[in-house]
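Structure record follows, encoded as structure tokens.
The values are calculated or read from the model by the stated rules, or taken from the named source; none is laboratory data. It should be emphasised that the depicted structure is a prediction, and the values quoted were computed from it without experimental measurement. A quick note on method: Cβ atoms are made from the backbone with ideal geometry, for glycine too, and the neighbour counts reach across all protein chains shown.
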Amino acid sequence: MTRGTTCITSLDESNREEKIQLRLWTFGLFPQRTVLDLYAGEGNLSRLYAKDCSHLVCVEQDPEVFGKLVENMRGTESKPDLLNEDNQQFLEKVAEIPDVTFVDFDAYGCPNVQIAEFFENYPVTHGIVVNVTDGSLLNLKRVASIDLAKHYLVNLYPKGYLTKRDFDSKRALRRLLPWLQETFIHLLAAKYGFNTCFLYHAMNSSANCTYYAFIAYPSIDVSLIGQLGWVTGKTPLIRYRSDEKTDIKNLRKKMKGN
Ligand SMILES: C[S@@+](CC[C@H](N)C(=O)[O-])C[C@H]1O[C@@H](n2cnc3c(N)ncnc32)[C@H](O)[C@@H]1O
């Protein structure tokens, strides 16, 4: 049995409709040019994306599932590229694909290694909407065997082995999963020099799977700022209330006096 089919039996699809609706909401935020469905499965999402984008690439590694994907995508107008390969292989050459505006990581497990690979290989020069299905919750609740340093780039248990206390606290991390996910994305943003804005966080009703989406967008081009000097695009303008202003003035006077 392949990795994909092993997971299918344990997949909880009780919130499938909501998952699709959330993705379609983010899909409609701006016109989509190239869409990458990196865990295409049988193409339930791909079929919807195909209706409204210039170019669609679907990647599915399981040959049996891929056969169904090919059947299901027959007749779609946009003639998608259907690839029967491991998405990590595909991500090595992702930079060759122009105008990616939407990426879907609808994994059974945790797709963070692939998310990191995407941003390592694809410079963010325009807005890209990213949707993620993250199955780490189930792992944290049960065996807590997930390697956090590898998947979330944080090393919370550095000894190399887990004490009972560590294990319990690692299992309890499921409550902090949205924080862990945002930290992971912010770390990637810092590493590869882009900005992010989170769009939603959701959990299925059996509490074993989470869904989230964010937009990755480039940092402001400093040459646009020209003579304005103070515009950074990142730092909010600080406004003092008048009483605070007085305090600051007094403070300055005092400092001068010293
Ligand atoms: C949750 S299903 C995707 C469902 C699909 N989005 C849909 O709406 O029909 C995850 C799929 O990803 C595939 N998959 C898992 N790991 C993969 C990998 N490394 N590369 C490509 N496909 C992978 C599995 O075989 C499985 O079919």
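Values for this structure:
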read-out: Odd one out for Glu71, checked against (1) touching a strand residue (DSSP E or B) at 6+ places or on another chain (Cβ under 7 Å); (2) part of a helix (DSSP H, G or I); (3) free of Cβ contacts under 8 Å to residues at least 40 places away in the same chain; value: (1)
read-out: Close pairs (6 angstrom Cβ cut-off, 6 or more residues apart or separate chains): of a type in the set (Val, Ile, Thr) in segment 122-148, in a helix (DSSP H, G or I) anywhere; value: Val129/Thr26; Ile146/Ser136; Ile146/Asn139
read-out: Residue satisfying all of: in segment 91-102; surrounded by 14 or more Cβ atoms within 10 Å (Cβ to Cβ) and of a type in the set (A, V, I, L, M); nearest to Pro63 (Cα to Cα) among these; value: Leu91
read-out: Residue among Thr76, Thr2, Thr34 that alone is under 27 Å from Leu137 (Cβ atoms) and either β-branched (Val, Ile, Thr) or at pLDDT 95 or above (or both); value: Thr2
read-out: Residue list for segment 79-90, filter: surrounded by 15 or more Cβ atoms within 10 Å (Cβ to Cβ) and either in contact (Cβ under 8 Å) with a residue 40 or more places away in the chain or part of a strand (DSSP E or B) (or both); value: Leu82, Leu83, Asn87, Phe90
read-out: Answer residue from segment 53-78, given it is under 23 Å from Thr26 (Cα atoms) and out of contact with any helix residue (DSSP H, G or I) (no Cβ under 9 Å at 6 or more places or on another chain) and is surrounded by the fewest Cβ atoms within 10 Å (Cβ to Cβ) among those; value: Ser54
read-out: Criterion (of a type in the set (Lys, Arg), exposed (fewer than 13 other Cβ atoms within 10 Å of the Cβ) and over 27 Å from Phe30 (Cβ atoms)) met by exactly one of Arg171, Arg175; value: Arg175
read-out: Filtered residues of segment 208-226 (kept if modelled with pLDDT under 95 and surrounded by fewer than 19 Cβ atoms within 10 Å (Cβ to Cβ)); value: Pro218, Ser219, Ile220, Asp221, Val222, Ser223, Leu224, Ile225, Gly226
read-out: Helices (runs of 4 or more DSSP H) fully within segment 107-171 counting 2 or more residues that are under 13 Å from the mean Cα position of the chain (by Cα) and within 16 Å of the ligand (Cβ to nearest atom); value: 112-121
read-out: Cross-chain or 6+ apart pairs with Cβ under 6 Å, segment 40-55 first and in a strand (DSSP E or B), then aliphatic (A, V, I, L, M) and buried (at least 21 other Cβ atoms within 10 Å of the Cβ); value: Cys53/Val35
